[in-house]
Amino acid sequence: MLKGFKDFISRGNVLDLAVGVIIAGAFSAIVTALNEQILMPLIAAIFGKPNFDHIWTIKINGATILPGTLITATVNFLIVAAAIYFFVIVPINKLKAPEAPAEETPVKTDEAVLLEEIRDLLARQN
């Protein structure tokens, strides 16, 4: 039973998942700082408020409905998605992308050279 557990823990995908969770936790601090300390203050400087929560308020029978919270959540999601894409996905894809092989000049066979000479002779006769 312990051998099976050891085999399970030793598998690459379990270790990759563990590393991924740890890296995601560390990276979330970077994204949170980018969002809360840089981008939201810029939004506050432009729109006068750090979020869109109270941009449109609806009051019905004493209940307050804040559709702006959806806008804030959407903007936060787009910021996080963009940060992950540009700071994680793009660099990893560049690292994984194989280098394009240099274009080689095709080597002509004797038959190809002979056929080109025949073509050129026929073109001169016409």
* Asked: Has segment 96-119 got at least one residue that is touching a Phe, Trp or Tyr at 6+ places or on another chain (Cβ under 7 Å), open to solvent by less than 100 Å² (accessible area, probe 1.4 Å) and either assigned to a helix (DSSP H, G or I) or of a type in the set (D, E, K, R) (or both)?
  -> no
* Structure fact -> Considering segment 30-40, residues that are farther than 16 Å from residue 73 by Cβ and open to solvent by less than 60 Å² (accessible area, probe 1.4 Å), and then whichever is modelled with the lowest pLDDT, we arrive at 34
* **Residue in segment 41-50 that is least open to solvent (accessible area, probe 1.4 Å), counting only those that are over 25 Å from residue 88 (Cβ atoms) and of a type outside the set (Gly, Ala, Ser)** => 50
* To do: For residue 78, state whether it is surrounded by fewer than 15 Cβ atoms within 10 Å (Cβ to Cβ), assigned to a helix (DSSP H, G or I) and within 18 Å of the chain's Cα centre (by Cα).
  => yes
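The values are calculated or read from the model by the stated rules, or taken from the named source; none is laboratory data. Small disclaimer: the values here were computed from a predicted structure and weren't measured. Please note: Cβ atoms are built from the backbone with ideal geometry, for glycine as well, and neighbour counts cover all protein chains shown. Accessible surface areas use protein heavy atoms only, side chains included; no ligands, DNA or RNA. Shrake-Rupley method; radii C 1.70, N 1.55, O 1.52, S 1.80 Å.
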